[in-house]
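Written below as structure tokens is the structure these notes are about.
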Amino acid sequence: MNHDDLRDWSKRAADWAHDYHTGLRGRPVRAPLVPGKIAAQLPAVPPEQPEPMEQVFADFEAILPGITHWQHPRFFAYFPANASPASMLAEQLANAIAAQGMIWQTSPAVTEVEQVMMTWLRQGFGLADHFTGTIHDSATTATLSAVLTMREAALTWKGLSQGLSGAPRMRLYCSAQTHSSVDKAARVAGIGQDNLVKIATDDHLAMRPDALQAAIQADRDQGYLPIGVILCCGGTSVGAFDTLTECIAIAHAADLPTHVDAAWAGSAMICPEFRELWAGIDGADSIVINPHKWLGAQFDCAVQFLRDPTPQVRTLGLRPSYLETAGKEDIVNFNEWTVPLGRRFRALKLWFTLRAYGLDGLRQRIRNHVKWSCEAAEEIAKIPGIVLTTNPRLSLFTFACATDDATETLLNKINDDGRIYLTQTRHEGKYVIRMQVGQFDCTREDVMMAPKVIAELME
Ligand code: PLP
């Protein structure tokens, strides 16, 4: 395949993508779960000779039954990974350029568009001027970066050179509502799962500030080294929010940095009316938001805002001579802010998305999602045999049948039916079904299909 072939196949791929997206409503949302079926379609050994692209394309189409359609307008599972058409176009162009933006000079535009996009987003989310930031692949990497920075600041940057074997036992704090990426960060950063202290929550599932304060003090009394606090702003399970003002004040009074996981809910903060949910955010030291969840900048795109990037750059930055840019000392090399060296041109899809829809167009979508999820929750609550187990937090709510078994049976029926896709969580020990609304192209009709399907399957 050469570049002339690429041009022809790109046109064909664009037509294919158009038909795929506009025809999604006719497909079951979730792939049928038959392990090994797709792998069995593929030869066990790689080809020795070139194969015709026509055949490669046909084989690509043959694996589609193994795809769960995340851009299906009735995808209500997990959180969305929504992809605006403008963001897909930007990805095509970024793929065409195929630049690797590891340092400023390897493509100044990659770094500079990223800097401007972080400034645009800071304004869009209504964050204070002191925040600056960068783009990661995932919230997991951003949180790991924040935790590594907390660790090194607490060890006065000795862990980087000496390792952790002689280090005091460290402690990190969060509530049980925070995402498992925090557990992963504690494990990977060498803090240890046992040293991730899960602070009790109140009736609203928010971290109890008094319990946070007591835990930090008790740990210090016992000789542990507290390193930081991770706060939850829109938990994955049922959308819990910590009270940031109080918790950040306690962390800072104890000289501890804070990182806020707003991976999902953060996108909603382009709407001023939702910002009370993260009141106090400007006090955070680090914040992660995934525009690849709910803002239309397709996967992967996680932004991290930092009050001061210096500690993170000190933790993650390395500049061997082959990465120096002679005579340019004031430039930003974003690999020094993140774990990987290599960097994709992720800012391009933010740029295209923000321009193609405007903040107002994106706000309107999020407002609709929140409104329609409330309407769907109200209808689902009326179905005999179903109770809402949590009310909508932004666009996420949960419901259940009388027993866990009945709830699981219902969920399996829903997903085998294929018209909508939902997933489960555990809430207060109970197996419950989650529903979130957030797909970029979904309509009210798509959302209201959920109560209809559920009522039908409950009969
Ligand atoms: N934080 C929250 C609240 C999430 O819901 C998720 C994923 O759904 C993550 C973090 C991890 O996100 P990522 O897949 O970008 O690592």
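Nothing in this text is a laboratory measurement; each read-out follows from the coordinates by a stated rule. Predicted model only: the values in this text are computed from it and were never measured. Neighbour counts run over all protein chains shown; Cβ positions are idealised from the backbone, glycine included.
Region 282-361 and region 188-207 have Cα centres separated by 27 Å.
Residues whose amide H lies under 5 Å from that of residue 199, counting only those 5 or more places away or on a different chain, are 174, 175, 176; hydrogens are built 1.01 Å from N in the peptide plane. Net charge dipole, region 28-168: roughly 660 debye, given to the nearest 20, about the Cα centre with Cβ charges of +1 for Lys and Arg and -1 for Asp and Glu. Counted over the chain, the DSSP beta bridges are approximately 60% antiparallel.
Taking a threshold of 31 Å on the Cα-Cα distance, which of the pairs 198/382; 11/413; 37/413; 371/413; 371/430; 184/328 fall above it? It would help to have the intermediate numbers written out before the result.
On the way: 198/382 36 Å; 11/413 39 Å; 37/413 21 Å; 371/413 26 Å; 371/430 26 Å; 184/328 37 Å.
From the list (198/382; 11/413; 37/413; 371/413; 371/430; 184/328), the Cα-Cα distance tops 31 Å for 198/382; 11/413; 184/328.
Ordering 392, 102, 278 by Cα displacement along the dipole of the chain toward the positive end leaves 278 in first place; charges were set at the Cβ atoms of Lys, Arg (+1) and Asp, Glu (-1). Would you mind classifying region 100-344 by shape? Square roots of the alpha carbon gyration tensor eigenvalues, ordered a ≥ b ≥ c; an a/c under 1.5 is rounded, otherwise it is prolate if a/b is larger than b/c and oblate if not. It comes out oblate by the Cα gyration axes. Under a 5 Å amide H cut-off, with hydrogens placed 1.01 Å from N, residue 427 pairs with 432 among residues at least 5 apart or on other chains. Placing +1 on the Cβ of every Lys and Arg and -1 on the Cβ of every Asp and Glu, with no other charges, gives the chain a dipole of roughly 240 debye about its Cα centre.
Placing unit charges on the Cβ atoms of the charged side chains and taking the dipole of region 336-389 about its Cα centre, the candidate lying farthest along the positive direction among 359, 377, 348 is 348. Ordering 204, 72, 292, 179 by the number of other Cβ atoms within 10 Å of each residue's own Cβ, fewest first, gives 204, 179, 72, 292. Relative contact order, whole percent, for the chain stands at 22, derived from Cα pairs under 8 Å and 6 or more residues apart.
By the count of neighbouring beta-carbon atoms within 10 Å, fewest first, 427, 136 end up ordered 427, 136. Look at the Cα gyration tensor of region 82-163: its axes a ≥ b ≥ c give a/c of at least 1.5 with a/b over b/c, and that counts as prolate. Each Lys and Arg Cβ is given +1 and each Asp and Glu Cβ -1; about its Cα centre, region 260-327 then shows a dipole of about 180 debye.
In terms of surrounding Cβ atoms within a 10 Å radius of their Cβ, 255, 404, 330 rank from fewest to most as 330, 255, 404.
Only helical runs count toward this figure. For the chain, summing -39,500 (n - 2.57) over DSSP H runs of n ≥ 4 and dividing by all residues gives -13000 deg cm²/dmol at 222 nm. With R₀ set to 30 Å, the beta-carbon distance separating residue 53 from residue 355 gives a calculated FRET efficiency near 0.35.
Place a point 7 Å from the Cα of residue 184 along the Cα-to-Cβ direction; which residues of region 413-441 have their backbone N under 11 Å from it? Output list for this probe position: empty.
Determine the shape class of the chain: with a ≥ b ≥ c the square roots of the Cα gyration tensor eigenvalues, call it rounded for a/c under 1.5, and otherwise prolate if a/b is greater than b/c, oblate otherwise. Verdict is oblate for the chain.
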